[in-house]
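Asks: Please find one structure pasted underneath; my questions will follow.
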Amino acid sequence: MTRFLTVERALRTGAPHELLGTVRDALIEHFQATRVDLLVADYSSTVLQPVIALPHTAEPLSLRSSPEGRAFLSQEPYGKRISQDGTVDLHLPVTVRGDRLGILTVRLPEHRCTPQDVDELTGLAEVLGHEILVAERDTDLYLQARRSQRLTLAAEMQWQLLPARSCARHEYAIGGQLEPAYDIHGDNFDWATTADTLTLTVTNGMGEGIHASLLTNLAVNALRNARRAGIGIADQAALADQAVYAQHQGLQYVSTLLLFFELTTGRVQVVDAGSPQLWRQRGKVVERIDFEAQQPLGMFDETLYEAQEFQALPGDRLIFVSDGVYGAVSGTGEVFKERALARAVQNVRFLPAASVPRAVLEELRTYRDADPDDDALVVCLDWFGRDSAQSY
């Protein structure tokens, strides 16, 4: 544990842009590592991008066909023996509270891959993840490494608006993905948790390009401002509605689905203010959950909103989709939501929540045999509930 604390201290005191060099030097000294590499998942969640000081670049690795990708998708350490020199490449998930950032690869002598060594290195990879999130306040290195191509300005704004792409705690696990990842416009999602609650919003701002992104930014920040004032979701929607209407006088508006979960009971309050839809998988049944439709945010002045309720049960999987998903049309004219969406949800039932959005979007791409013309958003929430013995 002494060497763990030593490496942890080195990471916490290292310069933000030198975290990889810091952890590499520490692992060489304390674990006899001969090579240390850091890879981060790109914005489309299809490849792992090496973190290398710009302007230098290196080839990305596929999430589907590489040992590093296997460790990322399984979220378990994976070792691969390097036959020529008797060393082992140990691939370690860099994950923070369910947010899967990337992989730390450490090459070690085979005799240093004991269960204790692997446990300590796995813990240090998590520490590195925490430090990367802190370092992103002061350096662009890790955000630049994530991109396999240039982001549009609208996409840059949308990704910076997200809380993360996944998160997890005892009561739930969430994963989300936006497409086209490098040219997203108005779709977005947001969440915030307390000891006993979870607030989740799924948003679709009208329009294209920077105009849609600016509109969504206004709405999401208005919702956050109201949420942080400690008021309920109906009033959150009303205040955000006023903010959007004051700016655009009803000419532009934002479709939003707001949900407030009680972690102790699974009771959920919902405000359905527009186009995002909720689908539920309970057992083998996949069905859309309909709510009373209310006006999108900013369509009219001083709209009043009312919250409805439903009950989440342990084992429920909730899938949130934007109109770019459920409204997609195949070459034969069939709308995705008619049969294909339920089939896609069934096909990915064994995947964890963080992997579901990417998998559903891949099925969508196959369904319409083309890249998305419209923004496409998928958020998956797996509800586990809280045992009576749990306390936070």
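Asks: Please list the three semi-axes, largest first and in whole Å, of the ellipsoid equivalent to the stretch 76-210, using sqrt of 5 times the eigenvalues of its alpha carbon gyration tensor.
Replies: Equivalent ellipsoid of the stretch 76-210: 34, 20, 12 Å, largest first.
Asks: Note down the magnitude of the dipole of the stretch 192-336 about its Cα centre, charges +1 on Lys and Arg C-beta and -1 on Asp and Glu C-beta and zero elsewhere, to the nearest 20 debye. Mind showing how you got there, number by number?
Replies: Details: 9 positive and 16 negative charges, 105 e Å.
Charge dipole, the stretch 192-336, about its Cα centre: 500 debye, nearest 20.
Asks: On to the next question. What is the dipole size for the stretch 252-392, taken about its Cα centre, with +1 at each Lys and Arg Cβ and -1 at each Asp and Glu Cβ, in debye to the nearest 20?
Replies: Details: 14 positive and 22 negative charges, 160 e Å.
In debye, rounded to 20, the stretch 252-392 gives about 760.
Asks: Sticking with this one: Looking only at Cα atoms, what is the convex hull volume of the stretch 146-288 per residue, in Å³?
Replies: Expressed per residue, the convex hull around the Cα atoms of the stretch 146-288 is 127 Å³.
Asks: Keeping all protein chains in place, calculate the accessible area per residue for the stretch 10-84 (probe 1.4 angstrom), answer in Å².
Replies: 53
Asks: Based only on the alpha carbon positions, what is the Kirkwood hydrodynamic radius of the stretch 264-368, in angstrom? Working shown, then result.
Replies: On the way: mean 1/r = 0.0657 Å⁻¹.
Here the Kirkwood hydrodynamic radius works out to 15.2 Å.
Asks: Express in % the proportion of alpha carbon pairs of the stretch 243-310 at distances exceeding 17 Å.
Replies: Pairs farther apart than 17 Å: 51 percent.
Asks: Assign unit charges at the C-beta atoms only (+1 for Lys and Arg, -1 for Asp and Glu), then state the dipole size of the stretch 220-277 relative to its Cα centre in Debye, rounded to the nearest 20.
Replies: 180
Asks: With the other protein chains left in place, how much accessible area per residue, in square angstrom, belongs to the stretch 286-334 at a 1.4 angstrom probe?
Replies: 50
Asks: Taking a label point 7 Å from the Cα of Gln75 along the Cα→Cβ vector, which residues of the stretch 334-360 have an amide N closer than 19 Å to it?
Replies: Under cut-off, by backbone N: 348-360.
Asks: Distance in nm between label sites at His248 and Asp119, each 7 Å beyond Cα in the beta-carbon direction?
Replies: Placing both labels 7 Å along Cα→Cβ, they lie 5.4 nm apart.
Asks: Using a 1.4 Å probe on the protein chains only, how many percent of the accessible area of the chain belongs to carbon and sulfur?
Replies: Carbon and sulfur together cover 50 percent of it.
Asks: If you don't mind, there's one more thing I want to ask. For Glu334 and Arg150 in one chain, what is 0.36 nm times their gap in residues minus the Cα-Cα distance, to one decimal in nm?
Replies: Full-extension gain reported as 62.9 nm.
Asks: Another question, if that's okay. Strictly greater than 21 Å: what percent of every Cα pair in the stretch 211-331 meets that? List each step's numbers first, then the result.
Replies: Working: 3073 of 7260 pairs.
For the stretch 211-331, the share of Cα pairs beyond 21 Å comes to 42 percent.
Asks: Show me the three semi-axes of the equivalent ellipsoid for the stretch 1-114, from the C-alpha gyration tensor (sqrt of 5 times each eigenvalue), largest first, rounded to whole Å. All intermediate terms of the calculation are to be shown ahead of the outcome.
Replies: Working: eigenvalues 89, 69, 40 Å².
Gyration-tensor ellipsoid for the stretch 1-114: 21, 19, 14 Å.
Asks: Can I ask one more? Where the centre of each part is set by its Cα atoms, how far does the stretch 208-260 sit from the stretch 42-102, in angstrom?
Replies: Between the Cα centres of the stretch 208-260 and the stretch 42-102 lies a distance of 38 Å.
Asks: Taking the inverse of the average 1/r across all pairs of different Cα atoms in the stretch 104-160, what Kirkwood radius in Å do you get?
Replies: By the Kirkwood definition, the hydrodynamic radius is 14.0 Å.
Asks: Would you kindly calculate the translational diffusion coefficient of the chain, applying Stokes-Einstein with the Kirkwood radius from alpha carbon pairs, for 25 °C and a viscosity of 0.890 mPa s, and quote it in µm² s⁻¹ without decimals?
Replies: For these conditions, the coefficient is 111 µm²/s.
The values are calculated or read from the model by the stated rules, or taken from the named source; none is laboratory data. Note that the coordinates shown come from a computational prediction; the quantities given were computed from them, not determined experimentally. All Cβ positions, glycine included, derive from the backbone under ideal geometry; neighbour counts span all protein chains shown. Only protein heavy atoms, including side chains, enter the accessible area calculation; ligands, DNA and RNA are left aside. Shrake-Rupley method; radii C 1.70, N 1.55, O 1.52, S 1.80 Å.
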